[in-house]
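Read-outs: derived from the displayed coordinates by stated rules, not from any lab. Computed from a predicted structure; not experimentally measured. Cβ placement follows ideal geometry from the backbone for every residue including glycine, while neighbour counts extend to all protein chains displayed.
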Amino acid sequence: MKLYFSPLACSMATRISLYEAGATAELIEVEPSDAAYARVNPLGQVPALVRDDGSLLTENAAILQYVADRFPEANLAPRDAEGRTRLQQWLSFIGTELHKVVFGVLVDKEAPPEAKKYAVEKAQRRLDWLAAHVEGRDTLLDRFSVADAYLLTVLNWSVVTPIDLKKWPAIERYVGKMRARPSVAKAMGEEMTLYARRQA
Ligand SMILES: N[C@@H](CCC(=O)N[C@@H](CS)C(=O)NCC(=O)O)C(=O)O
């Protein structure tokens, strides 16, 4: 299995999930906009997972659930119907409402100021809703799941945006708990080093 990633991008959710599962994969760092990478993923986006049979899987929600199903002993996704439905609810919310509508726009150097203003406005209600859910909880579902790996990865980006998570103490606490997990600390440490190397 090969995971194509960019440091601190949403692909880090898959790295965290692989570490949670104690699984190994070839981790290949790419610049999504590179022409050479378009031969792997014509969308020019990370993450991309090339599975052992050579087939390509894209989209965080699909890749994360694939990893969870490939390593079931790690319990990274509920197996019952209701649990899986809730997992998909969270993966959709994180992917569409937080990643693409809010944080993805705010970290995009090419997004115009009007788009960033719109993203900040949209953030309030979405983060209020998230805060109400994580109040008093350490994980989105009954236990750690791939949705937590994705959420933590996206919330990490807030530090370079006008969104101050201090306004939502329950979310700040959740992020603190997540960062203390060995899988998250390892993935973040490694990707921060790679990111700093890129910036230098
Ligand atoms: N719908 C995709 C979005 C992935 C995505 O937005 N990836 C970003 C990095 S976090 C990216 O590669 N951006 C480059 C681009 O979109 O051109 C998914 O859920 O996997």
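Of note:
- Taking only the Cα atoms of the stretch 18-74, the ratio Rg/Rh comes out at 0.99, with Rh defined as the Kirkwood radius.
- The Cα center of the stretch 70-142 and the Cα center of the stretch 181-196 differ in position by 20 Å.
- Mean Cα-pair separation over length for the chain, i.e. relative contact order, pairs under 8 Å, 6 or more apart, %: 25 percent
- Label point at residue 160 placed 7 Å out along Cα→Cβ; residues across the stretch 185-200 whose backbone nitrogen lies under 17 Å: 188-200
- Karplus-derived 3J(HN,Hα), 6.51/-1.76/1.60, for each residue of the stretch 157-171, Hz, glycine and proline x: 5, 4, 4, 10, 10, x, 8, 9, 5, 4, 5, 10, x, 5, 6
- At R0 = 45 Å, FRET efficiency that the Cβ-Cβ distance of residue 52 and residue 185 yields, to 0.05: 0.95
- Measuring against 27 Å, Cα to Cα, the residue pairs 2/186; 122/166; 116/177 contain 116/177 as the ones spanning a longer distance.
- Between residue 29 and residue 117, the C-beta separation translates, for a Förster distance of 22 Å, into a calculated FRET efficiency of about 0.10.
- Full-extension gain in nm, residue 109 to residue 132, via 0.36 nm per residue minus C-alpha separation: 5.2 nm
- Counting only DSSP beta bridges whose two residues both lie in the chain, roughly 60 percent are antiparallel.
- Given R0 = 25 Å, the distance between the Cβ atoms of residue 197 and residue 167 translates into a calculated FRET efficiency of 0.15.
- Sorting 129, 157, 168 from the fewest to the most surrounding beta carbons within 10 angstrom yields 129, 157, 168.
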